[in-house]
Amino acid sequence: MSYTLRMKYLTFIKGLPYYQRRYPSRLTGHPSLNSAIFKRPLHVDANDSVAIAKAVEAMSKVYEDYISLLETANNDVLADIDLERKAQALLRARGWNEGVMSIDDPYLNSNAIEYFLDSGEFDDFFEYTKHPELQEKSPKVRVQERAWKKLREPPNKRGQNAKLFSEIFEDYWSKNKMTEQNKTHRRDRETWKKFLSCNAGDTLATEESIRQYLTQFRNHRIDDGVKSSTITKNLSVILAPLHQYNDSLANPMTIKRPKVRKPHDEMTDQKPPLFHTEQIALIKRLPQEDAWKELYVLISLHTGSHPSEAVRLSPNNFNFHSSIPTVTISEDGVQRKGQNRNRTVPLIYQVERIKALVSEGALQTMTSKTAENAGIQIKNLLVKVSPKASAYSLRHTLRHNADSCNISPLIQMDLGGWSPKELGLSQHMAGYGELGKDVEERLKPRRDALAQMLAHLG
């Protein structure tokens, strides 16, 4: 602990490690900053000096990026926002409402003017107005001038509490407990930073600025040659904080996602499947691997499940007692591409081994991991038999095995949870007979299909 206590920018609050660093003086008064100190918790063991050192290094990068983001802004806009908020603070401190001198009553207005002048809050402003040519308008005078104007004019409620883009993202980050230790969260922050840097930097989020910024971001990414599917994902990352902020408004804005059209010559980035010889090699390797990896592979060969689905399985998802053993892949409250991925799939290959792995703790080990960690480890396993494989290769292997046996697209959808659009089916055709699809007569075709698809494994 003595080593970590001497680490730069590290402090401990109630025994927990925090990164704490003062903002540069050049950002003093920036409307996004509520204090002079940047302070973030480090989500690591307080007694692990190595983990703390890595966390401090990572948070230093976050700090530098955040400073860069704050400085990438329209300074005139930021100055006006700062002035507006200070004027509002002056009025709130005295309990005064905006627009109290805008009523159509000369007598009341005259009394109000006398009251506000006698308060002393506007002395500097009115002293300046006597000889404006002899002196510069000080920050204090500017605040008093703006506050006086807010008392004299009808209040503009629309946009009164508008936030900067950077504030909206920080609110989203905090509310959703996002951390720098999570790769996806770090990537989302980088996407947001790029969103602002593609435009005029940080500014107030209004309906018009949001529309312009989203459109400009899309156009910029297209010009950079980014794939349409990646741009669509980027826009989802950007829209999530904006929608959360919009939902909090009394008068929500209209926020529209810009359309991203796929160019005719854009190739689909299809993750490679494992071919039959590679699948056989993988099965032979499994006894040498951790038990949870063996369980993951056996389940995914049946279902095409990906890491985020696998780590959310529980013993209740398995049924080894019916005449057709099954595993059910369900959403469990997690956002998916659609309802299609909810599916019950027969288990026909190494069923007893799967059952033993579940009961002996392999399932518990697998579900204790994050989807990100599980995906990395599974990829490292798969590249031993197919150098270009990814964690999603097993999902595409299911499709490959089905196509190799000429399996009906409807059954493929039942096994892998693909949407009708992905398989070239109409929504009407795909939804026909949906009720009761998990009863035994509906499971038999899936079982028979899997028997053909996995026959090469012996």
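Residue 220 meets the conditions (1) touching a residue at least 60 places away in the same chain (Cβ under 8 Å); (2) surrounded by 16 or more Cβ atoms within 10 Å (Cβ to Cβ); (3) not assigned by TED's automatic domain parsing to the domain that holds residue 385 in every case but one. The failed one is (1). Of all residues in the range 280-296, those being under 14 Å from residue 385 (Cα atoms) and buried (at least 22 other Cβ atoms within 10 Å of the Cβ) number 1. Total residues in the range 375-395 satisfying the condition of being outside any helix (DSSP H, G or I) and closer than 14 Å to residue 300 by Cα: the figure is 3. Scanning the range 180-202 for residues that are touching a helix residue (DSSP H, G or I) at 6+ places or on another chain (Cβ under 6 Å), surrounded by fewer than 20 Cβ atoms within 10 Å (Cβ to Cβ) and touching a residue at least 24 places away in the same chain (Cβ under 8 Å) gives 180, 183, 191, 193.
The residue of the range 309-323 that is farthest from the chain's Cα centre (by Cα), among those that are crowded, with 16+ Cβ neighbours inside 10 Å and of a type outside the set (A, V, I, L, M), is 318.
Tell me, yes or no, whether the range 131-153 has at least one residue that is in a helix (DSSP H, G or I) and closer than 30 Å to residue 42 by Cβ. Looking through the range 131-153, none of the residues is in a helix (DSSP H, G or I) and closer than 30 Å to residue 42 by Cβ. Being exposed (fewer than 12 other Cβ atoms within 10 Å of the Cβ) and more than 30 Å from residue 239 (Cβ to Cβ) is not true of residue 124. Scanning the range 279-316 for residues that are in a helix (DSSP H, G or I), over 21 Å from residue 453 (Cβ atoms) and without any contact (Cβ under 8 Å) to a residue 60 or more places away in the chain returns 287, 288, 315, 316. Taken over the range 369-390, residues that are over 18 Å from residue 283 (Cβ atoms) and touching a residue at least 12 places away in the same chain (Cβ under 8 Å) amount to 9.
Filtered by the rule that a residue be touching a residue at least 40 places away in the same chain (Cβ under 8 Å) and in a helix (DSSP H, G or I), the range 235-257 gives 237, 238, 240, 241, 242, 244, 245. Within the range 434-449, can one find any residue that is assigned to a helix (DSSP H, G or I), surrounded by fewer than 17 Cβ atoms within 10 Å (Cβ to Cβ), modelled with pLDDT under 50 and among the aliphatic types (A, V, I, L, M)? No, because not a single residue in the range 434-449 is assigned to a helix (DSSP H, G or I), surrounded by fewer than 17 Cβ atoms within 10 Å (Cβ to Cβ), modelled with pLDDT under 50 and among the aliphatic types (A, V, I, L, M). Only one entry in 365, 370, 397 is modelled with pLDDT under 90 and polar (S, T, N, Q), namely 370. Is it true that some residue in the range 352-374 is within 23 Å of residue 446 (Cβ to Cβ), outside the structural domain of residue 180 (by TED's automatic domain parsing) and of a type in the set (Val, Ile, Thr)? Yes - at least one qualifying residue is present in the range 352-374.
The values are calculated or read from the model by the stated rules, or taken from the named source; none is laboratory data. These figures come from a predicted structure and were not determined experimentally. No Cβ is skipped: glycine too gets one built from the backbone with ideal geometry, and neighbour counts run over all protein chains shown.
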